[in-house]
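Take a look at the structure below.
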Amino acid sequence: MSDHIKRRDFLKTTAAIGATVVAGNATVASEQLIAQAKKGFKPVVIASSNGLSATAKAMELIQSGSDALDAVIAGVNIVEDDPADHSVGLGGLPNEQGVVELDASVMHGPTGRGGAVASLRNIKNPSKVAKLVMERTDHVLLVGEGALQFARAHGFREVDLLTDEAREIWMKWKEHLSPQDDWLPPHDIESKDIGESWKEFFRTTGTINCNAVDLRGNVSGCTTTSGLSFKIPGRVGDSPILGAGLYVDNAVGAAGSTGRGEANLLSCSSVMIVEYMRQGKSPEEACLMACQRISEQTRMKRLLDDRGRPNFNVSFYAINRMGEYGSAAIWSGAKFTVNTGEQESSRLDCAYLYKKENN
Ligand code: ASP
């Protein structure tokens, strides 16, 4: 929590609605706290399991009056800049040719706008470029070379995103390459023993999705990723696709995802979760319903276990506009992070559809 809006100040302020607001740089935030108390919502930030620092940063900014989108982008920038996180930004694992390609999306609830980039090379903060697509173009999604030229035009510096550590992981993968890669032979719905290369055993996945309600009660979200490691160049997952990897409706809430993007692209779960919340479901219930939908929609035998359940995972993270939050994954063992402004960011278990035998 920021220095000038401690919890006790919040309680004091909300107890004295209508009283003179605190002086100095806390004034704006305090006015917002009063407005928030009148409307009954609470600020919140939720993120994927790698979001401890991101949620803490976003909440700190929200408590000093920041817009939710600015807050979540500043939060995920920490992860994008971290070379030790191999799922996002700098140090993200590359595609099959050893080139890092990043995807990101943003949505701004109060203005109903969104922006995204996909297959963006050499720029470590695709979330910032996604926001510029939203603010400075008439488009929603820019990809590949066009996205890079757009970023350059806005003064982004190009950097080599492939750290030595990530390159060595890629090299190991390449040296142990099996015939079971992304290039599938002709197959049908009954085929089982092909195309298993995306399984956790072979591939590292990861992403950060971060969603927030700010002190004005506005909702925004961001998803940013280096996507599936060792993907076919040009492969785009769910993260930059509004409705799939992220969706925000200021009147309802926000949802985002991590995990097997191909499954989520086929169900557009984030918009589905927001629609379930609109119908009155809690964030957790809505996330579980999206997991169920993916499970029902997955019919290819190569993607199912012996009991007909998906043999991959997808996780969802949702908040509603009142600041309630929830998360669910297809399989047990997944985590999410949250910060409600009342204590430090914490990492919690996601609800799940199926229990893994080992956890
Ligand atoms: N959903 C991301 C994608 O498919 C990857 C991940 O979250 O692991 O690109």
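The values are calculated or read from the model by the stated rules, or taken from the named source; none is laboratory data. Values in this document were obtained by computation on a predicted structure and should not be read as measured data. Cβ atoms come from the backbone with ideal geometry, glycine included; neighbour counts cover every protein chain shown. Side chains are part of the model used for accessible areas, which takes the heavy atoms of the whole protein and leaves out ligands, DNA and RNA. Shrake-Rupley method; radii C 1.70, N 1.55, O 1.52, S 1.80 Å.
Within the stretch 84-97, if we keep just the residues that are closer than 14 Å to Trp173 by Cβ and open to solvent by 10 Å² or more (accessible area, probe 1.4 Å), the residue that is farthest from the ligand (Cβ to nearest atom) turns out to be Gln97. For the stretch 277-298, the candidate set comprises residues that are small (Gly, Ala, Ser) and crowded, with 18+ Cβ neighbours inside 10 Å; within that set, the residue that is nearest to the ligand (Cβ to nearest atom) is Ala290. Scanning the stretch 92-117 for residues that are touching a Ser or Thr at 6+ places or on another chain (Cβ under 8 Å) and free of Cβ contacts under 8 Å to residues at least 60 places away in the same chain gives a single hit, Gly115. Applying the criterion of being open to solvent by less than 10 Å² (accessible area, probe 1.4 Å) and over 30 Å from Lys39 (Cβ atoms) to the residues of the stretch 245-276, the residue that is farthest from the ligand (Cβ to nearest atom) is Asn264. Assess whether Ser220 counts as being open to solvent by less than 50 Å² (accessible area, probe 1.4 Å) and near the ligand (Cβ under 10 Å from one of its atoms). In short, no.
Taken over the stretch 103-125, the residue count meeting the criterion of being within 16 Å of the ligand (Cβ to nearest atom) and not in a strand (DSSP E or B) is 1. Yes or no: the stretch 85-94 includes at least one residue that is in a helix (DSSP H, G or I) and either out of contact with any Leu (no Cβ under 7 Å at 6 or more places or on another chain) or at pLDDT 95 or above (or both). The answer is no, given that none of the residues of the stretch 85-94 is in a helix (DSSP H, G or I) and either out of contact with any Leu (no Cβ under 7 Å at 6 or more places or on another chain) or at pLDDT 95 or above (or both). Kindly evaluate Val236 against the criterion of being within 12 Å of the ligand (Cβ to nearest atom) and open to solvent by 20 Å² or more (accessible area, probe 1.4 Å). Taking the combined requirement at face value, the residue satisfies it.
Pull up the stretch 57-79, narrow it to residues that are among the charged types (D, E, K, R) and out of contact with any Ser or Thr (no Cβ under 6 Å at 6 or more places or on another chain), then point me to the one that is least open to solvent (accessible area, probe 1.4 Å). Top of the filtered list is Asp67.
Against the definition (within 16 Å of the ligand (Cβ to nearest atom) and not acidic (Asp, Glu)), how does Ser345 come out, yes or no? Answer is no for this residue.
Remark: pairs (first residue in the stretch 142-166, touching a residue at least 60 places away in the same chain (Cβ under 8 Å); second residue of a type in the set (Ser, Thr, Tyr); Cβ separation under 6 Å; 6+ apart in sequence or on different chains) = Val143/Ser119; Gly144/Ser119. Residue pairs whose Cβ atoms lie under 6 Å apart, sitting 6 or more positions apart in sequence or on different chains, and linking a residue in the stretch 221-232 that is touching a residue at least 40 places away in the same chain (Cβ under 8 Å) and part of a strand (DSSP E or B) to a partner that is among the hydroxyl-bearing types (Ser, Thr, Tyr) and more than 10 Å from the ligand (Cβ to nearest atom), are Cys222/Ser127; Thr223/Ser105; Thr224/Ser127. Residues that are among the hydroxyl-bearing types (Ser, Thr, Tyr) and closer than 16 Å to Gly259 by Cα were ranked within the stretch 280-317; the one that is farthest from the chain's Cα centre (by Cα) is Thr298. Here is the figure for the stretch 313-331: residues that are β-branched (Val, Ile, Thr) and within 12 Å of Ile294 (Cα to Cα) total 2. Looking only at the stretch 312-356, which residues are open to solvent by 40 Å² or more (accessible area, probe 1.4 Å) and of a type in the set (S, T, N, Q)? Correct list: Thr340, Gln343.
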